[in-house]
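The values are calculated or read from the model by the stated rules, or taken from the named source; none is laboratory data. Since the structure is predicted, the reported quantities are computational estimates derived from the model, not experimental observations. No Cβ is skipped: glycine too gets one built from the backbone with ideal geometry, and neighbour counts run over all protein chains shown. Accessible surface is based on the protein model in full, side chains and every heavy atom, while ligands, DNA and RNA are left aside. Shrake-Rupley method; radii C 1.70, N 1.55, O 1.52, S 1.80 Å.
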Amino acid sequence: MFEVVQIRLREGGKTSFFEPGNTKPKTGDTVIVEADRGVDYGDVISDIESVSEIAGEDPIRKILRIATAGDLDQIKKNREKTKEAFTTCQKKIIEHGLKMKLIDAEYTFDRSKLLFYFTAEGRVDFRDLVKDLARIFKARI
């Protein structure tokens, strides 16, 4: 048996189980976690529960800490920076003449990675776009 809490990563993102470790999160708390993409944040959506196993889940990752005021400020700044990144990427798509539609953009919590989501009718060679964006934002795209 081990303890887990359910956390929704980002706004409306994937819901996964995390090990609380030394933290005592409550439903509604924002927490900093180790995630697939590195350090990320999410909202606790369940109380701590004891389970023997979780079927079909990826390895259980840990909650690093309950979000501090500084962490919440970082999340707010990331949202603002994401809006700028979205606009810049749209302009670059037009400059490169790519036939794709930008859907969303998001930074990881530590801003080391910037993810862009898009759709396209067919295959699109966006390697030059990625190089431009990496140079502009100095982050992994």
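Which pairs in the list Lys77/Lys99; Lys24/Lys76; Lys91/Lys131 are over 21 Å apart, alpha-carbon to alpha-carbon?
Violating the 21 Å Cα-Cα cut-off are Lys77/Lys99; Lys24/Lys76.
By how many degrees, between 0 and 90 and to the nearest 10, does the Cα long axis of helix 69-95 differ from the longest principal axis of the chain?
30 degrees
Grab the DSSP H runs of the chain that are 4 residues or longer, score each as -39,500 (n - 2.57), total them, divide by all residues and round the 222 nm result to the nearest 500 deg cm²/dmol.
Helix contribution divided over all residues of the chain: -9000 deg cm²/dmol.
With label points built 7 Å along Cα→Cβ from the Cα atoms of Glu49 and Val130, find their separation and express it in nm.
Placing both labels 7 Å beyond Cα along the Cβ direction yields 3.9 nm.
Per the 1.4 Å probe, what fraction of the accessible area of the range 1-125, in percent, lies on carbon and sulfur atoms?
The nonpolar share, carbon plus sulfur, comes to 48 percent.
Where in the chain lies the longest segment free of GluC sites (Glu not before Pro) that are both loop residues by DSSP (not H, G, I, E, B) and have at most 14 other Cβ atoms within 10 Å?
The longest such stretch corresponds to 58-120.
Near the amide H of Ile63, under 5 Å away, which other amide H atoms are found, from residues 5 or more places off or on another chain, if H is placed in the peptide plane?
Placed amide hydrogens put Glu19, Gly21 under 5 Å from Ile63.
Mind checking the full-extension length gain between Val39 and Leu72? Use 0.36 nm per residue of separation minus the Cα-Cα distance, one decimal, nm.
Extra length available between Val39 and Leu72 comes to 10.5 nm.
Averaged per residue, what accessible area in Å² does the range 85-141 show with a 1.4 Å probe, protein chains only?
Result: 68 Å² per residue.
Return a whole-number percent for the relative contact order of the chain, with Cα pairs under 8 Å and 6 or more residues apart as the contact set.
19 percent.
Quick check: Cα centre of the range 1-80 to Cα centre of the range 115-139, how many Å?
Centre-to-centre distance over Cα atoms comes out at 29 Å.
With θ taken as phi - 60° and the coefficients 6.51, -1.76 and 1.60, list the Karplus ³J(HN,Hα) couplings across the range 31-47 in order, rounded to whole Hz; mark glycine and proline as x.
10, 9, 10, 8, 10, 3, 8, x, 6, 9, 10, x, 10, 6, 10, 8, 6
Per 10 Å bin, what percent of the C-alpha pairs of the chain does each bin hold, from zero upward?
11, 36, 27, 19, 7, 0
Each residue of the range 102-115 in order: what ³J(HN,Hα) in whole Hz does its phi give by Karplus 6.51 cos²θ - 1.76 cosθ + 1.60, θ = phi - 60°, with x for Gly and Pro?
Residue by residue, the range 102-115 yields 6, 9, 7, 9, 7, 8, 6, 3, 8, 6, 7, 10, 10, 9 Hz.
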